[in-house]
1. Find, among the trypsin sites (Lys or Arg not before Pro) in the range 41-74, those assigned to loop by DSSP (not H, G, I, E, B) with at most 14 other beta-carbon atoms within 10 angstrom.
2. So what's the back-of-envelope 222 nm ellipticity for the chain, counting only DSSP H runs of four-plus at -39500 (n - 2.57) apiece and dividing by all residues, rounded to 500?
3. Any chance you could list the semi-axes, whole Å, largest first, of the equivalent ellipsoid that the Cα gyration tensor gives for the range 11-156, using √(5λ)?
4. Going down the table (LYS4/LYS94; LYS4/LYS65; LYS42/LYS94; LYS4/LYS71; LYS42/LYS111), which pairs top 28 Å between alpha carbons?
5. List the GluC sites (Glu not before Pro) within the range 70-142 that DSSP assigns to loop and that have no more than 13 neighbouring Cβ atoms inside 10 Å.
6. For the range 31-108, compute the orientation-averaged projected area of the C-alpha convex hull (one quarter of its surface), in nm².
7. Tell me the label-point distance for the pair GLU133, ALA108, using the 7 Å Cα-to-Cβ offset, in nm and rounded to one decimal.
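Read-outs throughout are calculated quantities, based only on the coordinates presented, and are distinct from any laboratory measurement. This is a predicted model, so every value here is computed, not measured. Methodologically, a virtual Cβ is constructed for each residue, glycine included, from the backbone with ideal geometry; neighbour enumeration extends over all protein chains shown.
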Amino acid sequence: MTQKTLHTIGYEGSSIGDFLATLEAVGIDLLIDVRDVPISRKPGFSKTALSGWLQTCDIEYLHLKGLGDPKPGRIAAREGRYDDFRQIFGTHLKSSAAQTDMRRGLDAASKKVACLLCFERDHTHCHRCIVAEEMAHRGGFRLVHLGVQSGLKAKIGKGCERTHDGALALVG
C-alpha cells in the first residue's frame with residue numbers, strides 16, 4: 001500500500017491566484033487551516049474569502065482552531081524566540097481542544113489529499129510544521145512542505161479569479 005502524503009503550505013508573499021494554482025497543480029482537495037485566528041490583511045486569505053475561492057476550485061476548506069498557535073506562541077515566534085515558541089505550542093498541543101482537532105484533522109486527511117495552511121512561507125519557523133510532524137507520526141503520513149509558485153497561475157492559465165462584477169469564476 002502506498003503511504004499517504006500530507007502537505008503543508010504558507011501563503012506569505014503570495015497572490016491568491018498563485019496560491020490556488022499551486023494547490024491545484026499538486027492535486028490538493030482539502031485545505032486544513034491551522035491558524036488560531038483565520039483572518040489576514042492579505043486579500044483573499046481570510047476565512048470567508050479563502051473558503052469561497054477554494055470552493056470554486058473544488059477544494060474543501062476545514063478550519064481547526066484548536067491546532068492554531070496561541071497568541072503568546074505567535075509573539076515568541078515573531079520575536080525570534082523559537083525555543084519559547086516551541087514550548088508554548090507544545091503545551092497547547094496537549095490541550096483537549098488541540099487533541100480534539102488533531103483527531104478531526106487526522107480523520108479528514110486520511111480521506112483526501114490534504115494540505116495544512118498557515119501564514120509563514122518557511123515551515124521550519126511555523127507551528128504547522130509541529131502539527132504536521134505529529135499528524136505524520138500518528139497517521140503514518142509522508143510530509144511534503146510546499147511553497148507557493150510565483151507566476152504559476154500565469155504559466156498554466158488556470159485558477160480562480162474575480163470577474164468584473166465581483167463574482168468568483170474558475171478560469172483556464
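1. On the way: sites: ARG41, LYS47, LYS65, ARG74; in loops: ARG41.
Those that pass, being in a loop and sparsely packed, are ARG41.
2. Numbers: 7 runs with 75 residues, N = 172.
Value at 222 nm, helices only, nearest 500: -13000 deg cm²/dmol.
3. Values: eigenvalues 114, 63, 38 Å².
Each semi-axis is √(5λ); the values are 24, 18, 14 Å.
4. Working: LYS4/LYS94 25 Å; LYS4/LYS65 24 Å; LYS42/LYS94 31 Å; LYS4/LYS71 32 Å; LYS42/LYS111 30 Å.
The answer is LYS42/LYS94; LYS4/LYS71; LYS42/LYS111.
5. Details: sites: GLU79, GLU120, GLU133, GLU134; in loops: GLU79, GLU120.
In loop regions of the range 70-142 (DSSP not H, G, I, E or B), the sparsely surrounded GluC sites (Glu not before Pro) are GLU79.
6. Values: hull surface 22.5 nm².
Averaged projected hull area, Cα only: 5.6 nm².
7. Simple spin-label model gives 2.3 nm for this pair.
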